[in-house]
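Shown next, in structure tokens, is the structure this report addresses.
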Amino acid sequence: MKINYLTVFLILLLTWMSSCKKAVEIPDSKNQIDAKAVFSDSTLSTAALLSVYSLFATNIHNGSKFLSLYCDDCIHTAPGTGTSLLQFNQSVLSTNNPDNAALWAALYSAIYQSNALIAAMESPIGVSKGAAEQISAEARFLRAFAYLYLVQLYDHVPLILTTEVEINRTAGQANRDEVIEQVISDLSLAKAILPVTYIGNGKVRANKWAAVALLSRAFLLKEDWIGAETESDQIISSGNYLPLPKPEDVFLAGSIEAVLQFWNQNGFISDATAVLPSSVSVVPPYVVRPETLASFENNDGRKSKWIGTNINASLAYNYPAKYRNRATGSTRPEYSTALRISEQFLIRAEARAHLNKGLEAIADLNIIRARASLSPLPSTLSTQETLAAVARERRTELLGEWGHRFFDLKRWGIINTVMALIKPGWRSTARAFPIPLNETIYNTNLIQNEGY
């Protein structure tokens, strides 16, 4: 794996990630700069940290929308011929798919930058001990966030924890469980250091509860039901993110439900114009699949608030509308919401069902259902019925958000069954994305995933 340190450090200060041609290119020694100059005081170090958050708000969030096409959430109405969009629509990715390569590069760029921050804060110059601990903890959180996505997308990925060029250039893939354990380790450290209050305005930098929320998700992936229940229970019991707001207010900047949002300057998410229709009469680019639309109960309040409908040539097109803004000037600004408390209720419900705490699991689901104006589930559900109810609620509650549906289908072991029904070209090996072709050329120690 290659990395251009000059580019990385300039990115840290100037946040121009999109101009980086090769996120993993090793520079000549004449291009290298001293990291101490970049992290020489709190202002510069904080600017470097904020650039990693910006990367999640833009490149990584932008890439996550393709996961909705890849699974059974959505379909693109005009993917073209021989395009990346068509490949995601059909769930048949080539090794040189540009959007897959961009997502890989963005996630590893976040990791490289986080590694540089963590290393610099171990012996800070011009940064107080408290500030250095805060910055390092946030960097660990962001590194864990990136690795949690990488391991779910590609299954086996290089575990890069250093800024050493030669180590990174030839790193092979780590065992999936090893990556998850590193995620848990980073988040546990972040949880112990980060304050419960947010730094600055809004909820746009990770606090203790953001680390707890992501930790519960990691335990869920690991099927550590006790860990998942413990962490989700802690954040829910804090009361900081309740009561649940109305569905139409969930994704507003500063929403009470939000545990972590990614800031933007203009009040709309970075890829809004690519996802939302430009008017009420045009065919939306992204539409909700009929099977997913049918999973909503008729009187579900989320359906009316989170799914929009355009009529074109007498045909109705239902599109994801959790975010509504696509231009500046809105009196209701929106931030990309990465973590929210409703997911924690769903995590706790699933964990409790596996721990034979059926009544408590059903109670958690009914909190989510009450916000959606749905009737409560009966207390007589069996364990399997409760888990089925969890699956239904996750599908509707988390529709179109950060690849949740794709990851759920994988961890439940039903992705092949579900996808084969709606996509004729589906192959069992498509459960993992291909390692981008250029990465396997640059680093011959990388082993391509099966089927590519």
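The values are calculated or read from the model by the stated rules, or taken from the named source; none is laboratory data. Quick caveat, the model's predicted, so the values are computed rather than measured. Quick reminder, even Gly has a Cβ in these numbers, built from the backbone with ideal geometry, and neighbours come from all protein chains shown. Just the protein is used for accessible areas: all its heavy atoms, side chains included, with ligands, DNA and RNA removed. Shrake-Rupley method; radii C 1.70, N 1.55, O 1.52, S 1.80 Å.
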Suppose the filter is among the acidic types (Asp, Glu), within 28 Å of Val196 (Cα to Cα), touching a residue at least 60 places away in the same chain (Cβ under 8 Å) and open to solvent by 20 Å² or more (accessible area, probe 1.4 Å); does Glu133 pass it?
yes
Any residue at all in segment 421-435 that is within 21 Å of Glu343 (Cβ to Cβ) and loosely packed, with under 13 Cβ neighbours inside 10 Å?
no
Answer yes if at least one residue in segment 50-60 is open to solvent by less than 50 Å² (accessible area, probe 1.4 Å), of a type in the set (A, V, I, L, M, F, W, C), in contact with a His (Cβ under 7 Å, 6 or more places away or on another chain) and modelled with pLDDT of 95 or more, and no otherwise.
no
If I filter segment 179-218 down to residues being in contact (Cβ under 8 Å) with a residue 60 or more places away in the chain and assigned to a helix (DSSP H, G or I), which single residue comes out as surrounded by the most Cβ atoms within 10 Å (Cβ to Cβ)?
Ala211
So, in segment 164-173, exactly how many residues are open to solvent by 20 Å² or more (accessible area, probe 1.4 Å) and assigned to a helix (DSSP H, G or I)?
4
Considering only residues that are of a type outside the set (Ser, Thr, Tyr), in contact with a Leu (Cβ under 6 Å, 6 or more places away or on another chain) and either within 23 Å of Arg169 (Cα to Cα) or open to solvent by less than 20 Å² (accessible area, probe 1.4 Å) (or both), which ones fall in segment 75-105?
Phe88, Asn89, Asn96, Asn100
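Could you please let me know if Arg405 is under 16 Å from the mean Cα position of the chain (by Cα), buried (at least 20 other Cβ atoms within 10 Å of the Cβ), assigned to a helix (DSSP H, G or I) and touching a residue at least 40 places away in the same chain (Cβ under 8 Å)?
yes
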Somewhere in segment 244-251, is a residue buried (at least 24 other Cβ atoms within 10 Å of the Cβ) and not in a loop (DSSP other than H, G, I, E, B)?
no
Kindly check whether there is at least one residue in segment 222-231 that is over 19 Å from the mean Cα position of the chain (by Cα), among the polar types (S, T, N, Q), over 14 Å from Glu343 (Cβ atoms) and crowded, with 16+ Cβ neighbours inside 10 Å.
yes
Select from segment 265-306 the residues that are within 30 Å of Leu55 (Cβ to Cβ), in contact (Cβ under 8 Å) with a residue 60 or more places away in the chain and hydrophobic (A, V, I, L, M, F, W, C) and list them in ascending order.
Phe268, Ile269, Ala274, Val275, Val287, Val288, Trp306
Determine whether Arg176 is buried (at least 22 other Cβ atoms within 10 Å of the Cβ), more than 18 Å from Asn240 (Cβ to Cβ), out of contact with any Gly (no Cβ under 7 Å at 6 or more places or on another chain) and not aliphatic (A, V, I, L, M).
no
If you go through segment 324-336 one residue at a time, do you hit one that is of a type in the set (Asp, Glu) and closer than 16 Å to Ser255 by Cα?
yes
